[in-house]
Every structure is written in C-alpha cells, then in structure tokens.
1. Under the definition of Cα pairs under 8 Å and six or more residues apart, what whole-number percent is the relative contact order of the range 690-818?
2. For PRO103, what is the net charge nearby, where nearby means another residue's Cβ is under 14 Å from its Cβ and Lys, Arg count +1, Asp, Glu -1?
3. Which of LYS735, LYS885 comes first, and how do the rest follow, when ranked by fewest Cβ neighbours within 10 Å?
4. Can you give the relative contact order of the range 251-332 as a percent, counting alpha carbon pairs under 8 Å and 6+ residues apart?
5. Please report CYS73, CYS572 as a ranked list, fewest other C-beta atoms within 10 angstrom at the top and most at the bottom.
6. Report the extension gain between SER190 and ARG5 in nm, rounded to one decimal, defined as 0.36 nm multiplied by the number of residues separating them, less their alpha carbon distance.
7. Along the positive direction of the dipole of the range 5-175 (beta-carbon charges: Lys, Arg +1; Asp, Glu -1; about the Cα centre), which of PRO124, THR139, GLN87 reaches farthest?
8. Restricting to DSSP loop positions (anything but H, G, I, E, B) with no more than 16 other Cβ atoms inside 10 Å of their own Cβ, which trypsin sites (Lys or Arg not before Pro) remain in the range 760-810?
Amino acid sequence: MLGRRSERAVLDRLLSDVRAGVSRVLVVRGEAGVGKSALLGYATESAAGLRILRAVGVQSEMELAFAALHQLCVPLLDRMDQLPEPQRRALATVFGLAPGPAPDRFMVGLAVLSLISDLAENEPALVVVDDAQWLDTATAQTLGFVARRLDADAVGVLFGAREVGIELHGLPELELDGLPDDEARALLGSAVGFLLDEPIRDRLVAETGGNPLALLELPRGLTATQLAGGFGLHGGQGLPGRIEQSFIRQADALPAPTRQLLLVAAAEPVGDPVLVRRAADQLGIETAFAEIDGLLSLGERVTFRHPLVRSALYGSASAAERRAAHLALAEATDSSSDPDRRAWHLAAAAIGPDEDVAIELERSADRAQARGGFAAAAAFWQRAVALTRNPARRTDRALAGAQASLQAGAFRTALALLATAEAGTLDALGRARVDQLRAEAAFAQQRGRDAPGLLLRAAQTFESLDVRLARDTYLDAWSAALFAGRLAGAVGLREVSRAAATAPRPDTAPRASDVLLDGLSLVIAGERDRAVPLLTRAATAFGGPDITVEEVLRWGWLATAAAATAWDFESCVATATRQVEIARGAGALAVLAVGVNVLGQVVALAGDFAEASSLRAEADAVREATGTHVLPYGALVLSALRGRADHAFPLVEDTIARATAEGQGTAAQYARWAKAVILNALGRHDEALLWATSAGEDTPELFVSSWALSELVEAAARSGRPREAAAALARLQEKTANTDELWGRGLEARARALVHEGDDAERAYGQAIELLASTRLRPDLARAHLLYGEWLRRQSRRGDARTQLRTAYDMFATIGMEAFADRARRELQATGETVRRRADASSAREELTPQERQIALLVRDGLSNPEVGARLFLSPRTVEWHLRKIFDKLSISSRRQLRDALPAAEAATR
Ligand SMILES: Nc1ncnc2c1ncn2[C@@H]1O[C@H](COP(=O)(O)OP(=O)(O)OP(=O)(O)O)[C@@H](O)[C@H]1O
Ligand SMILES: [Mg+2]
C-alpha cells in the first residue's frame with residue numbers, strides 16, 4: 001500500500017483507543033476505487049489482538065433483511081443465550097432461528113449492542129463493514145444504532161462507504177481523496193509496464209485525480225501511444241464510469257460464452273459458485289470459471305476483482321441478456337431453501353406483469369415481515385406491484401407495501417406506495433386503509449393535528465364493513481385527538497366522540513376496549529354520570545389479569561387517562577404499571593416511549609420521585625434511541641412537584657414551543673399546568689392564576705383541566721380573588737360530584753376549604769386531609785397540611801398552625817418537593833419557629849451526573865448491568881464503566897453499599 005500516511009495514523013489511533021477500552025466509530029467515505037477497502041484492509045492487518053467481525057454490503061436490487069447483520073453475528077450466536085429475554089427473542093426471530101412476533105427494530109439494535117459489548121468484555125473487537133452503501137436496510141439501521149450507542153466498550157466500528165445513507169448519517173467520517181501526485185505517479189508506474197513521458201504521466205495522474213483504481217485499471221492493455229492521448233476524463237463520463245468502460249473493454253475481448261458466464265455471476269449477488277455453475281449449465285455455457293482470468297476469481301465465493309467489474313458487466317448487458325441470466329439463476333435456486341432469492345430472480349426475469357411471480361414475491365414479503373424485515377418486505381411488495389395487472393390486487397399490494405414501509409420508518413416510500421394505491425381503483429375499504437395509513441405516518445412523524453381527521457374518516461368507512469375494525473379505529477382516532485388536544489384541526493375529541501357514540505357495536509360481548517371507547521366518548525359528550533362507571537370498569541379491566549396484551553399495548557395509556565378522569569388513582573397505578581411491564585417485555589419501544597411517561601406521572605403524583613426520575617431517564621433514553629415524538633409528560637409532572645424553577649421553567653417553555661410547533665395540544669396543557677404548580681409553590685399566585693386559567697380551559701372534561709382548576713382555586717384564593725376562586729371551585733365540583741374516589745373528593749375538599757371561611761373552611765381542611773391521607777397521593781396530602789397550616793396561622797392559632805406546617809414541611813422535604821418545602825419553612829418561621837433547612841445529604845451525590853444517578857438507582861434496586869443497559873439503551877459494559885465512576889464518587893466499593901449511599905426517599909435528583 002502506497003502513502004496514506006495521515007489516514008493510517010487516524011486508524012492507528014482508533015485501534016489504540018479500542019485497545020485501551022474506548023469505543024470508536026469511523027466511516028471511511030469516498031468515491032469508487034479511491035482506496036477505502038485498501039484502508040480497511042490496513043486496519044484489519046494492524047488489528048493484532050482484536051477480534052474482527054466482518055460484514056459486506058452487496059450490490060443488488062434485492063433486499064434481504066438482516067443478511068449482512070447475520071454475516072456479522074454468526075461468530076457471536078453462541079452468546080445469544082446470555083442476552084436479556086426480549087433481546088434474545090428479537091435476534092432469534094430476525095435470524096430465523098425461532099418463530100416469534102416481528103420484533104421492534106430498536107430491540108434488535110439493542111441485542112446486537114449487547115452481544116458485541118459482551119464479546120468485548122474479554123477481547124477488544126473491531127467491526128469492519130465494507131461497501132456499507134449496499135447494506136440491506138435492516139442491517140444498516142441496526143449497525144447505525146449500535147455505532148451510536150457504543151460507549152465504554154473496547155469496540156471499534158469501521159465502515160467503508162461510497163456515500164452515507166440516512167442510517168449512518170452523522171457518524172464520524174474520514175473522507176478519502178485520491179492519492180497525492182507523487183504517490184499516484186508511483187502507482188501508475190507500477191501499473192504500466194513501460195516508461196511514460198513525464199508530461200503524459202502527469203496528465204494521466206491529473207485526469208484520474210489520483211484515484212488508485214483508475215490509475216491501475218485505465219492503462220490496462222493500452223500502448224504508450226494510446227496513453228499519450230490521455231483518458232479524456234474531462235469530457236462526459238465521470239471516473240467510475242470510465243473505469244467501468246475499461247472493464248467492459250476487457251470483457252469484450254473475451255469469448256462470448258465467457259462473457260455470458262461473467263454476466264450470470266454478476267447477476268448473482270451472493271457469489272455462490274455452485275449456484276452460478278448450475279445457472280450456467282442451464283444456459284448451456286460450458287466455459288469453466290478458471291478461464292476468466294483477472295476479472296473474477298473463484299474461491300469459496302465468486303469474487304470480482306473490484307465491485308465496479310460487477311456493475312460494469314451487469315450494466316452493459318442488454319435487458320434480454322440480463323433476464324436470461326436471472327431466469328437461469330431462478331431455476332438454479334432451490335425453491336424450498338431459498339424461496340426469496342428465487343422470487344427475486346424471477347421478478348428480474350419477468351418481461352411484463354406476471355401474477356405467478358407476484359404471488360411468489362408476496363410470500364417473500366410475508367416472510368420478511370414475519371422476521372421484522374419491514375424494509376425488505378416493502379421492497380418485495382413494491383416489486384410485486386410492478387408485476388401486477390389486476391387493479392384491485394395492485395392496490396392491495398401497494399397498501400401492504402405502504403404498511404411495511406411505515407413499520408420500517410420509511411415514510412417517503414410509504415407515501416409513494418399510498419399514492420400508487422390511490423391512483424388505482426379504490427373501494428371503500430381501500431380508501432379507508434389509505435386514510436388509516438396516512439394517519440399512522442402523520443402520527444409517527446409528529447403526534448399532531450393531521451392524524452385524528454384521517455382516522456375518523458377511516459373509522460366511519462369501516463363501520464359498514466367491519467364493526468370491530470371501526471371501533472378500534474375510533475379508539476385510535478380518540479387517542480390521536482387527545483395528543484392533539486386544543487391544537488387539533490377540524491377534527492378533535494368532540495368530533496371523534498360524537499361519531500364513535502353512534503357507531504355500530506359488535507354482537508359479541510364488549511371487550512375492555514369497547515367499554516373504554518364508550519366511556520371516553522360519553523365523558524366528552526358531557527355525560528359524566530354515565531361515563532364514569534364505564535371509565536372505571538374499563539380501567540379496572542386494563543389493570544387486571546384478563547386483558548389481552550394487544551389491547552394493553554395499543555390503548556393501555558388511554559386506560560390510565562380514563563382512570564385519571566374517573567379519579568381512580570389505584571387504577572392509574574395498575575394500568576400504567578402494566579403497560580410499561582408489557583411493553584418492556586415485548587420490546588415494544590414505541591409503546592414504551594409513551595408508557596414510561598404515563599407511569600412517570602403516576603409515581604410522581606404518588607411522591608416517589610426516585611422512581612419518577614428513573615422513569616424520566618428511561619423516557620429520555622427510549623425517545624432518543626427511537627426518535628419518537630413523545631413529549632416529556634412524566635418529566636413535567638415531576639418537575640412541577642419538585643419545584644426547581646431553574647430546571648422546570650426551561651422544560652415548560654421548551655415543551656410549549658415544541659408542542660405548539662407539532663400540534664400536540666395536550667402536552668402544552670400539561671406544561672401550562674406545571675408552570676402554575678411551580679408558581680403556586682413559589683407563592684407567585686398572581687402569575688399562577690394566569691397559567692392555571694389557561695390550562696383549565698383545554699378539554700375541560702378531562703383530568704388535566706381538573707388539576708388546573710385545583711391550582712386555579714389556590715392561586716385565586718391566595719391572590720385575593722374570592723369570586724374567581726369560587727367560580728373555579730364550582731367547575732371543579734362538576735367533575736367531583738358523584739365520585740366516591742378519595743382523590744377527587746380530597747381535592748374538592750381542599751379547594752372548598754380555600755374558598756370557604758370559618759368553621760366551614762376548617763371542616764373542609766379536615767376532610768381533605770383525612771381523605772387524601774387514605775390515598776397514595778402524598779404530595780397532595782402535604783399540600784393540604786400546608787394550606788391548613790397557613791389558614792390556621794392567619795387565624796392566629798399559632799400552635800395548631802405549627803403542627804400542620806411542620807407535618808407539611810417534613811413531608812415536602814422527605815418527598816423532595818423543594819419549592820413547597822421552602823414555602824412551608826417560611827410559614828413556620830412566621831409562626832416564630834426557626835427551622836433549619838434539612839441538611840442536604842445529597843452533597844456528595846451532587847457530583848453524580850444525571851445519567852450516573854439513574855444508573856446508581858437502578859443498580860440499587862437490584863438490576864443487573866445488562867438489565868440497566870436494556871433500560872437506558874447502553875451497553876452493559878458502559879453501565880459497568882459508569883458504575884465504577886459512581887463507586888469512586890460515592891467512596892463505596894460494592895453494589896450493596898449503594899443502598900446506604902442512596903437512601904430510598906432522597907435519591908435521584910435532577
Ligand atoms: N494507497 C494505495 N496504494 C496502492 N494501491 C491502492 C491504494 N489504495 C487503493 N489501492 C488499490 O486500488 C484499487 C481500488 O482500491 P479499493 O478497492 O480500496 O477502492 P474502494 O474505495 O474500496 O472502491 P469501491 O468503492 O469500489 O469499493 C485496489 O486494487 C487497491 O488495491
Ligand atoms: Mg471497496
């Protein structure tokens with residue numbers, strides 16, 4: 001290898017970092033023939049002591065899901081059993097080792113991350129992926145995920161790529177240019193067997209831009225006189241094209257049967273010599289491989305001298321020649337062991353529409369989909385569409401392809417296929433499915449205002465076709481409308497609820513989700529009395545043992561919303577816990593992204609800030625890893641109650657900005673409520689009033705507005721606006737009337753106490769405290785003590801006031817509600833009692849980064865490194881690395897000591 005001194009130095013450094021236990025990723029990028037593979041070869045040779053894992057992308061129109069990943073992972077498969085179960089299952093499914101539901105693609109990424117990280121525990125590893133521009137989509141997505149999430153692992157990842165697709169976008173790159181002139185001259189000299197005149201040599205070097213492949217290939221077979229004319233690269237064709245021309249020229253000199261054999265090999269992407277031979281026999285080609293000197297070599301695999309040889313040969317053949325080659329390859333391919341490749345060759349051999357082949361492709365699509373290869377499935381569908389004449393079937397296939405593309409996260413392809421479907425003849429069902437898929441795409445990209453209308457229209461169309469499908473779609477529409485909240489377009493909760501209320505019902509016994517839909521629609525219709533029993537029933541079912549996994553995954557979070565609307569906090573806990581457990585177990589990360597936010601709110605409301613904080617970290621990790629657009633509901637509730645304005649206000653502002661931009665009205669409502677809570681805590685009641693008023697206006701039938709009304713009463717009462725306080729109380733009472741639930745009754749009593757005077761007030765405070773004391777809602781209970789204490793002080797009942805305020809202060813301090821604790825402390829001081837701020841035991845912990853803190857907490861709770869890694873999308877090795885730093889900072893030496901270093905109630909601040 002000539003030159004490349006600085007590039008080699010970069011790789012040397014990379015390797016030494018890896019040896020030192022730090023992960024490094026590098027994409028070596030540059031045009032064809034510039035020397036990427038040569039440089040990767042250098043790295044591999046220099047990687048003594050490193051375990052090498054390899055994969056190569058293969059140029060082909062064929063998508064074979066996870067093909068390259070499988071190649072990479074074969075040496076690691078015996079470690080699969082050590083993976084956490086959802087990861088093991090995901091990998092087994094995509095590699096076709098065990099049947100199972102199509103896994104989440106991020107779970108596959110996590111599994112590969114764990115495998116490689118685990119390997120690197122014992123020996124540093126170098127992952128070398130060449131020709132990355134040709135990786136199948138599923139592999140590229142997985143490796144991109146792994147490359148981004150390696151951290152403290154002794155793993156290097158090297159990609160060679162002509163260009164970088166979306167999957168590897170943003171990874172560190174090393175851009176490779178042609179060789180500098182003197183090295184280029186030397187290389188040219190080695191390629192040309194005779195001495196070149198200096199001006200001619202320099203011209204050739206200039207024309208090739210120092211591209212080594214061009215320097216080696218273009219002069220081949222040319223005489224000195226011919227070379228004197230130069231390559232003429234400045235005109236028309238680019239460099240790769242010229243190199244291909246040169247290969248074609250070389251091939252053209254070969255006898256016809258040899259050329260034909262070369263074409264068959266070029267049409268066969270895997271390089272299976274037996275298959276190529278068999279296909280050649282089909283075509284009656286008697287030439288042996290050995291005769292094809294130079295352009296192709298034969299070992300275990302058929303290998304072209306350079307990838308451009310393959311593309312040159314394939315590209316220069318006529319359409320008929322190519323079809324003949326593919327047909328022969330299809331016939332040579334075993335239909336039982338390799339049906340997908342066979343189908344693909346058949347498709348490439350088809351002249352026009354061909355239903356038999358389309359059916360084969362359809363089967364391949366199903367197989368790919370079953371293994372989670374959605375991009376591959378979409379490609380098969382797309383091909384099938386092209387071969388389908390029957391308009392109805394064409395449409396069906398386009399829809400199936402659109403669905404698969406959506407699941408692969410390929411929105412552009414999905415929309416193109418939907419357009420194809422729409423261009424054909426669509427019956428009502430088809431039109432509804434187009435709407436549904438379009439809504440899904442809109443919802444996945446941003447949970448904004450477009451989806452509800454599309455879903456509503458689909459649901460209405462389904463009504464006359466499939467009652468159950470219609471109702472399921474209504475529930476999805478409701479869900480989308482709830483995300484959109486006040487920012488919904490023409491179709492919001494009201495429109496969806498109205499339509500759902502009159503939708504036909506199934507003859508069979510209603511499922512929990514049917515009850516859920518009825519309850520939710522009724523509550524928006526203003527029929528709270530009829531709605532609440534249904535909401536409670538649905539929520540209880542979703543938190544109970546008989547609910548199906550599918551229902552929990554799809555609508556679990558709506559069940560929690562139903563429970564909150566019915567003030568049933570126990571069901572909030574049960575439904576939210578269940579959804580997170582099921583989503584974690586199933587590896588359903590898009591669901592988990594919402595689920596951890598819901599559960600995070602619930603545990604924050606219960607005053608378990610440590611757990612809420614853990615869930616917040618998990619929410620961040622899932623969101624970041626999967627790129628979902630779920631806004632930080634859980635973090636908002638936690639921040640509101642914790643009351644650190646410097647952290648919380650930016651979160652509120654950021655959420656409102658993003659929510660407004662994306663049309664996610666409910667998130668903005670949460671944020672405004674959060675701001676009101678903090679301002680109330682800080683005693684800035686005038687301002688709190690504005691925020692609470694605004695948060696209380698959105699979707700008044702549901703729970704966030706109830707919470708906002710409760711804040712509004714406090715803000716109004718404390719800022720001397722009794723009339724506004726009374727009005728807000730009346731509105732709150734509309735939603736607590738007829739409830740037996742302690743949560744609703746407790747908040748109502750607390751609000752009533754703020755509005756009333758004298759004995760009425762005192763009685764109400766007593767009720768509020770008694771009611772809330774029987775719930776898990778400790779923050780709300782503490783606030784009742786605070787308000788009561790403040791009231792007592794104003795009544796000049798100092799002793800009684802102190803008792804309440806001390807209780808409040810102790811609770812706030814224990815829970816970690818800092819702003820409220822300050823307010824309680826100030827009130828206590830006003831009664832003449834001096835309170836020392838509780839010694840903050842967290843001073844040592846203050847040095848822990850947020851991520852370290854979460855890791856410490858999860859480990860304290862008994863999770864293993866792989867389990868923590870699975871939760872936070874880190875490799876186990878990275879967890880271990882953080883843990884060592886944590887031990888160091890806390891001056892402890894074992895996992896068990898974390899229990900004392902991080903007392904349950906005080907841990908996890910952020
Ligand atoms: N620095 C070098 N010194 C000598 N020969 C080189 C050098 N770099 C590349 N070559 C040779 O040039 C040819 C093309 O290089 P290589 O195959 O690495 O290109 P590439 O960038 O991987 O191209 P492609 O994108 O087509 O895969 C090879 O025959 C290689 O051995
Ligand atoms: Mg290469």
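1. Working: 158 pairs, mean separation 19.1, N = 129.
After rounding, I find 15 percent.
2. Values: positive: ARG88, ARG89, ARG105, ARG371, ARG584; negative: GLU85, ASP104.
So the environment of PRO103 carries a net charge of +3.
3. LYS885, LYS735
4. On the way: 87 pairs, mean separation 32.6, N = 82.
Averaging sequence separation for qualifying contacts and normalising by length gives 40 percent for the range 251-332.
5. Values: CYS73 23, CYS572 29.
By the 10 Å Cβ count, ascending: CYS73, CYS572.
6. Values: separation 185, 0.36 × 185 = 66.60 nm, distance 1.94 nm.
My answer for the length gained is 64.7 nm.
7. Result: PRO124.
8. Values: sites: ARG763, ARG776, ARG783, ARG793, ARG794, ARG797, ARG798, ARG802, ARG806; in loops: ARG776, ARG797.
Listed in order of number, the matching sites are ARG797.
The numbers here are math on the coordinates, done by the rules we state, and not lab data. Bear in mind that the values here come from a model prediction, so they are computed numbers and not experimental data. A quick note on method: Cβ atoms are made from the backbone with ideal geometry, for glycine too, and the neighbour counts reach across all protein chains shown.
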